[in-house]
Amino acid sequence: MSALRLVLGDQLTQHISALEGIDMDNDVILLAEVRSEATYVKHHKKKIAYLFSAMRHFAQSLRDKGYQVHYTDYLAEDNAGSLSDEVALRTQQYQCHQVICTFPGEHRLLSDMQTWSERLSIPVDIREDTRFIASIQDFADWAKGKKQLRMEFFYREMRKKLNSLMTPEGQPEGGKWNYDAQNRKALPKTLNVPQPTQFTPDTITDEVLALVNKEFANHFGTLDGFHYAVTREDALKVLDAFIQERLALFGDYQDAMAQGEPWMFHSHIGLYLNAGLLTPDEIVQAVEAEYHAGRAPLNAVEGFIRQVIGWREYVRGLYWFKMPGYEKENFFNATRALPGFYWTADTNMNCLQQCVQETHDNAYAHHIQRLMVLGNFALIAGLAPEEVNNWYLLVYADAYEWVEMPNVSGMVLFADGGVLASKPYAASGAYINKMSNYCKNCHYKVKDKTGESACPFNYLYWDFLIRNREALRSNHRMGMIYNTLNKMDETKVIQIQEDARLFLNKLDNHEKV
Ligand code: FAD
Ligand code: DLZ
Ligand code: SF4
């Protein structure tokens, strides 16, 4: 009796549950590069190259350990083209009596997997993904009966569960759970940002780069300057360099943006964590040790750990709690098509130009760029959630629906009506100006509120509030801002609406804005 053990492209962890209890003599591990996964959205070229190379390296490391591995190359003549067809073909080829896999990261794939047993007439064991700190059931138990599902309270449970940054008396280290208030500094002119850790492509990566260049030529992004780690060993080096060079200032400059500085003091480990090259528990342990050794301050360490065991675990729980159906939510009934500049970076708005260009070049943008520039615009310009989700899912190397969708539909677009966020993250140009130096080099003037030269974020922000007054009426956290709007001079309100109308018309007519 043998089992086919399927390992997906984002499950490249030696102790993944699909491999637990493996019979090394009889079981076959399947990894498959398939057209359906690589094209169901047109992933960034660097994302595909990273994942295919990481899959190939992982397969080799399994072979080196003596496992039987079937690796389906993208160009293999018998490549069945989709995961379900690959599983069907390889179960026959190796006469397997069972399929064992790990819970996937996207609902569409889970639905597919759930049909395999009937289709193949053999048992299909879909095991829990134990790489997360909270199981899907843990989140559902926590969420049950709660009116609001705030990350902060979930995060505290995770801190207690892991005993992370807790005193022996069971209190949060330093007396507070959250030091976010200290983490909002702009980048000083004199501070040098360290270069990201870079790796020269080896032979396997070079082969993959050539493949992606040819087969995915019409996908978004560039392969130029590909420098990502593709093995666990190298991903650990990225983590180590982050800890040595950036962690201490991670908190201070977590929300800062600067022209020509895509990497800032962030860790750049999301793509490794999500594909399984690193695991959350080892990251948290390594970072917490720096605090206890006195090498990193509490605001940095707590801020970082909150992202990993708070936000990351929370969005995953929320995704599965809300799926299916979350993808259809559209609280503001936003319908505008995604503007062309999200693909070309061809816009006069410097902040958006920079963030789209960096996304194109690196398959990476840091959180505040994703949230307060790219996302903020999508929210206040009323872009359709489906189109915005599609964009975020394909442009970033760390994107899988379980983490992308709650961030987009919940955090950025408020499309879930306030399940994730207590109020929309809408902001005018003043916020972008405070946290970056983008505005200095912009065609528009951030200080101008209305008129042709005015920063579009300024009038779009108020226009968003005016358009959605009814929908946000009962939101207590919006009371102050609506009071300000109510007191605004009527001619100014009319001018704001007119400026917004002209701008959005231009956008809809594909004119450069
Ligand atoms: P750091 O800033 O160094 O943070 C450390 C780690 O914390 C990240 O690697 C990530 O694992 C975790 N983390 C931080 N914030 C979040 C968050 N909001 N949700 C989940 N995990 C978080 N993250 C993804 O991994 N995949 C996505 O597809 C994704 N899409 C996003 C879309 C939008 C609109 C927004 C606002 C955020 C999105 N994020 C996503 C969260 C965050 O922006 C990225 O995790 C982060 O930028 C990755 O870079 P880093 O590793 O340098 O992160
Ligand atoms: C993202 C991705 C890509 C581009 N290609 C593959 C692939 O060829 N084979 C594979 O097993 N996985 C791939 N993936 C990752 C899957 O899309 C991912 O496992 C699901 O989206 C669930 O998270
Ligand atoms: Fe962006 Fe407005 Fe600043 Fe220009 S002025 S960079 S559009 S915030």
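Please give me, ordered by residue number, the GluC sites (Glu not before Pro) of the stretch 16-100 that lie in loop per DSSP and have at most 10 other Cβ atoms within 10 Å. If you can, show how the numbers build up before the last one.
On the way: sites: Glu20, Glu33, Glu37, Glu77, Glu86; in loops: Glu20, Glu33, Glu77.
Taking the stretch 16-100 and a limit of 10 other Cβ atoms within 10 Å, the loop GluC sites (Glu not before Pro) found are Glu77.
Just want the answer: with Cβ charges of +1 for Lys and Arg and -1 for Asp and Glu, which residue in Tyr253, Val212, Gly225 is farthest toward the dipole's positive end in the stretch 154-260?
Tyr253
Taking the alpha-carbon distance from Lys160 and a cut-off under 18 Å, which lysines remain once sequence neighbours fewer than 8 residues away in the same chain are dropped?
In chain and number order, the partners are Lys176.
Calculate the spin-label point distance for His292 paired with Asp78, positioning each point 7 Å from the Cα along the beta-carbon direction, and give it in nanometres.
Reported label-point gap for Asp78 and His292 is 5.2 nm.
On a straight-distance basis, which lysines could pair with Lys46 in a cross-link, Cα separation under 27 angstrom, same-chain partners fewer than 8 positions away excluded?
Correct list for Lys46: Lys214, Lys237.
Find how many whole Å separate the alpha carbon centroid of the stretch 6-63 from the alpha carbon centroid of the stretch 443-493.
So the separation of the two Cα centres works out to 48 Å.
Which trypsin sites (Lys or Arg not before Pro) in the stretch 409-513 sit in a loop by DSSP (not H, G, I, E or B) and have at most 16 other Cβ atoms within 10 Å of their own Cβ?
Working: sites: Lys434, Lys440, Lys445, Lys447, Lys449, Arg467, Arg469, Arg473, Arg477, Lys487, Lys492, Arg501, Lys506, Lys512; in loops: Lys447, Lys449, Arg473, Lys512.
Qualifying residues, ordered by number: Lys447, Arg473, Lys512.
What net charge do the residues around Thr231 carry, taking every other residue with its C-beta under 13 Å from that of Thr231, with Lys and Arg at +1 and Asp and Glu at -1?
-1
Name the residue farthest towards the positive end of the dipole of the stretch 3-127 from the options Ser53, Trp116, Phe103, assuming +1 on Cβ of Lys and Arg, -1 on Cβ of Asp and Glu, about the Cα centre.
Projecting each Cα onto the dipole axis, the largest value belongs to Ser53.
Cα axis of helix 350-362 to longest principal axis of the chain: angle in degrees, 0 to 90, nearest 10?
10
Using each residue's phi in the stretch 66-74, evaluate 6.51 cos²θ - 1.76 cosθ + 1.60 at θ = phi - 60° and report the 3J(HN,Hα) Karplus result to the nearest Hz, with x for Gly and Pro.
x, 7, 8, 10, 9, 10, 8, 5, 4
Setting aside same-chain residues fewer than 8 positions from Lys189, which aspartates and glutamates have a Cα under 17 Å from its Cα?
Leaving aside aspartates and glutamates fewer than 8 places away in the same chain, those within reach of Lys189 are Asp252, Asp255, Glu261.
Stokes-Einstein diffusion coefficient for the chain at 37 °C in a medium of 0.692 mPa s, Rh from the Kirkwood formula over Cα pairs: what value in µm²/s? Each step should come with its number before you reach the end.
Working: Rh = 24.3 Å.
Stokes-Einstein gives a translational diffusion coefficient of 135 µm²/s.
Hey, if you put +1 on the Cβ of every Lys and Arg and -1 on every Asp and Glu Cβ in the stretch 3-127, which of Tyr40, Thr91, Leu4 ends up farthest toward the positive end of that dipole?
Highest projection toward the positive end goes to Tyr40.
Using only Cα atoms and rounding to the nearest 10 degrees, what angle (0 to 90) does helix 280-292 make with the longest principal axis of the chain?
Orientation of helix 280-292: about 60 degrees from the principal axis.
Starting from the stretch 406-513, pick out the GluC sites (Glu not before Pro) whose DSSP state is loop and whose Cβ has at most 14 other Cβ atoms within 10 Å. Intermediate results must be reported in sequence, preceding the final value.
On the way: sites: Glu452, Glu470, Glu490, Glu498, Glu511; in loops: Glu452, Glu511.
Loop-located and lightly packed - Glu452, Glu511.
For the pair Thr115/Ala471, report the inter-label distance in nm, with labels modelled 7 Å from Cα in the Cβ direction.
About 3.3 nm separates the two model spin labels.
Which angle between 0 and 90 degrees, to the nearest 10, do you get for helix 83-93 versus the longest principal axis of the chain when only C-alpha atoms count?
Here the helix axis deviates by roughly 0 degrees.
Would you kindly state how much longer the chain becomes between Thr200 and Glu282 on full extension, computed as 0.36 nm times their sequence separation minus their alpha carbon distance, in nm to one decimal? Mind dumping the intermediate values first?
Values: separation 82, 0.36 × 82 = 29.52 nm, distance 2.54 nm.
Once the chain is fully extended between Thr200 and Glu282, it gains 27.0 nm.
Sum up the charges of everything whose Cβ sits under 12 Å from the Cβ of Pro297, counting Lys and Arg as +1 and Asp and Glu as -1, but leave Pro297 out.
Working: positive: Arg295; negative: Glu173, Asp252, Glu290, Glu302.
Result for the local shell: -3.
Mind checking the dipole of the stretch 3-127: about its Cα centre, +1 per Lys or Arg Cβ, -1 per Asp or Glu Cβ, Debye to the nearest 20?
Values: 13 positive and 17 negative charges, 106 e Å.
Approximately 500 debye in magnitude.
Only four residue types carry charge here, +1 at the Cβ of Lys and Arg and -1 at the Cβ of Asp and Glu. Report the dipole size of the stretch 234-329 about the Cα centre in Debye, rounded to the nearest 20. Please list the in-between numbers first.
Values: 8 positive and 14 negative charges, 49 e Å.
It works out to roughly 240 debye.
In square nanometres, what is one fourth of the surface area of the convex hull spanned by the alpha carbons of the stretch 3-127?
Details: hull surface 28.5 nm².
That works out to 7.1 nm².
Using the crude model of +1 on Lys and Arg Cβ and -1 on Asp and Glu Cβ, and no other charge, please compute the dipole size for the chain relative to its Cα centre, in debye to 20.
Numbers: 53 positive and 65 negative charges, 431 e Å.
The dipole of the chain has a size of about 2060 debye.
Modelling each spin label as a point 7 Å along the Cα-to-Cβ direction, I'd like the His510/Ala430 distance in nm, to one decimal.
Spacing of the two 7 Å Cα→Cβ label points: 3.8 nm.
In whole Hz, with x marking every Gly and Pro, tabulate ³J(HN,Hα) for the stretch 389-398 from phi via Karplus 6.51 cos²θ - 1.76 cosθ + 1.60, θ = phi - 60°.
Computed from phi, the couplings for the stretch 389-398 are 4, 4, 4, 5, 5, 9, 8, 9, 5, 9 Hz.
Under a Cβ-Cβ cut-off of 13 Å, what is the net charge of the residues other than Pro339 that fall near it, where Lys and Arg count +1 and Asp and Glu count -1?
On the way: positive: Arg336, Lys506, Lys512; negative: Asp346, Glu387, Asp508, Glu511.
For residues surrounding Pro339, the net value is -1.
Please report, largest first and rounded to whole Å, the three semi-axes of the ellipsoid equivalent to the stretch 323-421, where each semi-axis is the square root of five times an eigenvalue of the C-alpha gyration tensor.
Working: eigenvalues 88, 43, 25 Å².
The equivalent ellipsoid of the stretch 323-421 has semi-axes of 21, 15, 11 Å.
Taking the Cβ-Cβ separation of Asp125 and Ala186 as r and a Förster radius of 51 Å, what is the calculated FRET efficiency to the nearest 0.05? Spell out each step's value before the answer.
Details: r = 51 Å, r/R0 = 1.01.
The computed FRET efficiency comes out at 0.50.
A short reminder: the numbers here are calculations on the coordinates, not readings from a lab. No experiment lies behind these values; they were computed from the predicted model shown. A quick note on method: Cβ atoms are made from the backbone with ideal geometry, for glycine too, and the neighbour counts reach across all protein chains shown.
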